[in-house]
Each structure stands twice: as structure tokens, then as C-alpha cells.
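*Asks:* Would you mind keeping the following structure in view while I ask a few things?
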Amino acid sequence: MFYPPGEEARARRFYGDALGLEEIERPSTLQDRAGIWYAAGSGHVHLSADTELGLHPRRHFALRVGDLGEISSRLRDAGAHFEKADPIPGWRRIYVFDPFGNKIELDEIP
């Protein structure tokens, strides 16, 4: 995922504060370029600063969440925009957009 150069504070408010991901240290070999990494379950979310965001209406990543209603409410309070997702039996899911237009699928499997 990409964000515009200089928008680190805005990215941290969305991914860290509103989405609730834990920021982790990037490898020392990547310290010469702007970016932010987050722990996401057993994986990571890597954000890179770039002037070309390369947005596409279907490109996204998915995060499994414990309480879709609670996190959706927190993101809505933070000003996030949402899009309905086609139903999948046994799942609750929705799309949310970060402040830069990156699409994220949030899934809850009760």
C-alpha cells in the first residue's frame, strides 16, 4: 500500500490509532526510504511513500477482525469511507478506504 510522501502522521492515525495495528520496526536496510510497517496477525502490512499511489478499484488486502461492528464504528468515527462487499456465506465483511484511497477488506468469521 502507498501513501503520499510526508503523510506519515496521517497514515499512523489511520492504521495505528483507528485500525488498531501495532507499528513495528522496519529492517535497517530500508531506513533510507520512507515507509511504515505494521504487525497484522501472523503477517505484516507494509506502507511505502510514493508520489504515484497506483490505486485500482479492486486491489485490496484483507484483515480478519474479532468484532467487525466495533472496528467499523471506530473507523467511521475517524472519518473513514466504506463500501459494501458481496456476501460470502459464514462471513461478515466490508471494505474500508484509508485516507489515501487504498482499499482494505475487513472480515469477521463468527
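*Asks:* On the basis of being surrounded by 13 or more Cβ atoms within 10 Å (Cβ to Cβ), touching a Pro at 6+ places or on another chain (Cβ under 8 Å) and of a type outside the set (Gly, Ala, Ser), does residue 14 make the cut?
*Replies:* Values: surrounded by 13 or more Cβ atoms within 10 Å (Cβ to Cβ): yes; touching a Pro at 6+ places or on another chain (Cβ under 8 Å): yes; of a type outside the set (Gly, Ala, Ser): yes.
Considered against the rule, which asks whether it is surrounded by 13 or more Cβ atoms within 10 Å (Cβ to Cβ), touching a Pro at 6+ places or on another chain (Cβ under 8 Å) and of a type outside the set (Gly, Ala, Ser), residue 14 comes out as yes.
*Asks:* Could you run through segment 44-78 and say how many residues are among the small types (Gly, Ala, Ser), closer than 15 Å to residue 93 by Cα and in contact with a strand residue (DSSP E or B) (Cβ under 9 Å, 6 or more places away or on another chain)? Spell out how you get there, then give the answer.
*Replies:* First, pick out the residues of segment 44-78 that are among the small types (Gly, Ala, Ser): 48-49, 54, 62, 66, 69, 72-73, 78.
Still in the list and also closer than 15 Å to residue 93 by Cα: 62, 66, 69, 72-73.
From what's left, in contact with a strand residue (DSSP E or B) (Cβ under 9 Å, 6 or more places away or on another chain): 62, 66, 69, 72.
So the answer is 4.
*Asks:* With the checklist (1) at pLDDT 95 or above; (2) of a type outside the set (Phe, Trp, Tyr); (3) more than 25 Å from residue 77 (Cα to Cα) in hand, flag the one item residue 4 doesn't pass.
*Replies:* (3)
*Asks:* Residues of segment 64-80 being farther than 16 Å from residue 99 by Cα, of a type in the set (Gly, Ala, Ser) and in contact with a helix residue (DSSP H, G or I) (Cβ under 7 Å, 6 or more places away or on another chain), which ones?
*Replies:* none
*Asks:* Consider segment 25-43. How many of its residues are in contact with a strand residue (DSSP E or B) (Cβ under 8 Å, 6 or more places away or on another chain) and more than 25 Å from residue 109 (Cβ to Cβ)?
*Replies:* 7
*Asks:* Let me spell it out: the conditions are (1) loosely packed, with under 11 Cβ neighbours inside 10 Å; (2) in contact (Cβ under 8 Å) with a residue 24 or more places away in the chain; (3) of a type in the set (Gly, Ala, Ser); (4) over 20 Å from residue 10 (Cα atoms), and residue 43 meets all of them except one. Which number is the exception?
*Replies:* (2)
*Asks:* Can you tell me which residues in segment 85-110 are over 12 Å from the mean Cα position of the chain (by Cα), in a strand (DSSP E or B) and not charged (D, E, K, R)?
*Replies:* Matches in segment 85-110: 94 only.
*Asks:* Additional query: Specify the residue that is farthest from residue 107 (Cα to Cα); the eligible residues are those in segment 1-24 that are among the acidic types (Asp, Glu) and free of Cβ contacts under 8 Å to residues at least 24 places away in the same chain. It would help to see each step written out before you state the result.
*Replies:* At the first step, the residues of segment 1-24 found to be among the acidic types (Asp, Glu) are 7-8, 17, 22-23.
Okay, now just the ones that are also free of Cβ contacts under 8 Å to residues at least 24 places away in the same chain, so 22-23.
Working: 22: 18, 23: 21 Å.
Residue satisfying both the conditions and the ranking: 23.
*Asks:* Next question. Which of the following residues is out of contact with any Cys (no Cβ under 9 Å at 6 or more places or on another chain), farther than 24 Å from residue 85 by Cα and not in a loop (DSSP other than H, G, I, E, B): 29, 51?
*Replies:* Details: 51 fails: not in a loop (DSSP other than H, G, I, E, B).
Selected residue: 29, the only one of 29, 51 that is out of contact with any Cys (no Cβ under 9 Å at 6 or more places or on another chain), farther than 24 Å from residue 85 by Cα and not in a loop (DSSP other than H, G, I, E, B).
*Asks:* Is it the case that segment 55-63 has a residue that's closer than 18 Å to residue 96 by Cβ and in contact with a Lys or Arg (Cβ under 6 Å, 6 or more places away or on another chain)? Reasoning before the result, please.
*Replies:* Looking only at segment 55-63, we keep the residues that are closer than 18 Å to residue 96 by Cβ, and these are 55-63.
Then drop every residue that is not in contact with a Lys or Arg (Cβ under 6 Å, 6 or more places away or on another chain), which leaves 60.
For segment 55-63, residues closer than 18 Å to residue 96 by Cβ and in contact with a Lys or Arg (Cβ under 6 Å, 6 or more places away or on another chain): present.
*Asks:* While we're looking at this one, here's another question. May I ask you to list the residues in segment 67-84 that are assigned to a loop (DSSP other than H, G, I, E, B) and either loosely packed, with under 13 Cβ neighbours inside 10 Å or β-branched (Val, Ile, Thr) (or both)?
*Replies:* 67, 79
The values are calculated or read from the model by the stated rules, or taken from the named source; none is laboratory data. Since we're looking at a predicted model, the values are computed, not measured. Cβ sites come from the backbone with ideal geometry, for glycine too, and all protein chains shown count toward neighbours.
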